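Only the coordinates and a few stated rules stand behind these numbers; no lab work does. Quick caveat: nothing in here was measured; it's all calculated off a predicted structure. We place every Cβ from the backbone using ideal geometry, glycine too, and count neighbours over all the protein chains shown.
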Amino acid sequence: MPDKERLKFDLDFLEKEEEKPAHARQAEVKKAGEITGEKLNFIEYIKAVFRDFPAFCDKHLRVKNPPYLFFIIWATGVATAIDRMSDYGSSSWLEVWAIVLIGGFIAGYLQYWIGGAIYHLRVKWSKGGDNYDASRNIFIFSGIPVAIASIGSLFLNTIVYGNKYFESGGGSSLDVLFLFIIVAAIAYSIRLSYKGVMFIQQTEKTRAIVWFVVLPAIFYILIFSVAIFNEL
C-alpha cells in the first residue's frame, strides 16, 4: 500500500508539472539561459566571434553583462580614439598611447550607451525584438575586427618606426597597408552586425539590409571620401 500511494503521489506531481502554463515554463528556461556560466579563455572567446558570430551571440550576448564586456567596450573605444587622431598631432608615442588608452574609456562608454541606444532603435525600425542588452552587445562586439585592425596599426607603427614616425609628417607605408585592412575590417564588422541582429533579434530581412548594411556602408563611403578629398 505505501508503494502504491507513493507511486500515485509521483504521478500526480508529474501531471501538475505538465499542467504548468506555457509562459511559466518559458520563464524557467529563460532564467537558466541567462547564466553566463563558463568563462572561456580570452583568446578562445575572441576566436568564437569570428568562427560563428550568430552562435556566439546566442550563447553570450543575450544577457546584460557578457564575459569581457568592459574590456571590449574599452578596446572599441581605443579604436575610436585612434581614428579621431588621424595624423596624431603629437611628437611621441608615449603621448599618443596615453591619449588613446585613457580616451578609450570615454569613447567606449559613449558608444555603448548612446551608440547602443541608437542601434536598438535601428533594430526596432527593422521590426526586431525588444532585448535592449542584446542590441548594445551586438553593436559593441561586432566592432572587434575594426578594434583589432586599428590597435594593430598603432602598435606596429610604434614598434617599427619609433618616434621617427613623427618626423616624416606624412604617415608611413604601414598606414597605407592598414588602410586597406581597416576597410576590410569595417566591411566584416557590418556583416557581423547584420548576422547578429537577424539571428538574435529576428529582424525583418529587407529592413535589416537597409539599416545594418546599406546605410552603414554609405556612411563609411562618405567618411572615406571626405578624408581622401582633404588629403588632395
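What the table below lists for this structure:
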quantity: In sequence order, calculated HN-Hα J values of the stretch 63-72 (Karplus, 6.51, -1.76, 1.60; Hz; x Gly/Pro); calculated: 9, 6, 10, x, x, 6, 4, 5, 5, 5
quantity: Three-way shape call for the stretch 68-113 based on the alpha-carbon gyration tensor, with the a/c threshold at 1.5; calculated: prolate
quantity: All Cα pairs of the stretch 72-155, percent lying beyond 19 Å; calculated: 41
quantity: Shape of the stretch 150-232, Cα gyration tensor, a/c cut at 1.5; calculated: oblate
quantity: Electrostatic dipole magnitude of the stretch 128-225 [Cβ: Lys, Arg +1; Asp, Glu -1; Cα centre; debye, to 20]; calculated: 200
quantity: At 0.890 mPa s and 25 °C, Stokes diffusion of the stretch 38-231 via Kirkwood alpha-carbon radius, µm² per second; calculated: 140
